[in-house]
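Novice: Just dropping this structure here.
The values are calculated or read from the model by the stated rules, or taken from the named source; none is laboratory data. Given the structure is predicted, the values throughout are model-derived calculations rather than measurements. Neighbour counts run over all protein chains shown; Cβ positions are idealised from the backbone, glycine included.
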Amino acid sequence: MFLIVTKYLIPKGFRGLTAFPFVFVRYDLDKENIVFVNHERIHLRQQLELLILPFFFWYFLEYLVRLIQYKNKNLAYRNISFEREAYANEFDLNYLKNRSFYSFVKYLNLDKK
């Protein structure tokens, strides 16, 4: 994993973006934020499982489905299965050691939350 600080590659309103093997962060302080870095590492694992490009296709497609479902950009983003898994486990610094393959599938529930 390579942590790179840049404010130009990250969409407005976000602090980080992961594109294997890079984690781009907006603020230098986030390089030291272990919870934030753990969240991004979960995304790295998800990307590896789906062989990177399919991850981004699925991510975008699921975002569109969630946008139709919630009619709200933030709710759509927060309910993408990849994000739900990362947010639910970002404080567990041992999560990746014990995580099962394709664990994000457990977070695909289409019910509104």
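Novice: Restricting the first residue to the stretch 69-83 and requiring it to be among the small types (Gly, Ala, Ser), which pairs with a second residue that is at pLDDT 95 or above meet a Cβ separation below 6 Å and a spacing of at least six or different chains?
Specialist: From the stretch 69-83, the pairs are Ala76/Tyr63; Ala76/Arg66; Ala76/Leu67; Ala76/Tyr70; Ser81/Phe104; Ser81/Tyr107.
Novice: Another one. Could you say whether any residue in the stretch 52-61 is out of contact with any Gly (no Cβ under 6 Å at 6 or more places or on another chain) and on the phi > 0 side of the Ramachandran plot?
Specialist: Within the stretch 52-61 (the criterion being out of contact with any Gly (no Cβ under 6 Å at 6 or more places or on another chain) and on the phi > 0 side of the Ramachandran plot), the answer is yes, since at least one residue qualifies.
Novice: Within the stretch 54-76, identify whether any single residue is at pLDDT 95 or above, loosely packed, with under 15 Cβ neighbours inside 10 Å and of a type in the set (Lys, Arg), and answer yes or no.
Specialist: So far as the stretch 54-76 goes, yes, one or more of its residues are at pLDDT 95 or above, loosely packed, with under 15 Cβ neighbours inside 10 Å and of a type in the set (Lys, Arg).
Novice: Also, quick follow-up: If we scan the stretch 2-14, do we find a residue that is buried (at least 17 other Cβ atoms within 10 Å of the Cβ) and either assigned to a helix (DSSP H, G or I) or of a type outside the set (Gly, Ala, Ser) (or both)?
Specialist: The answer is no; no qualifying residue exists.
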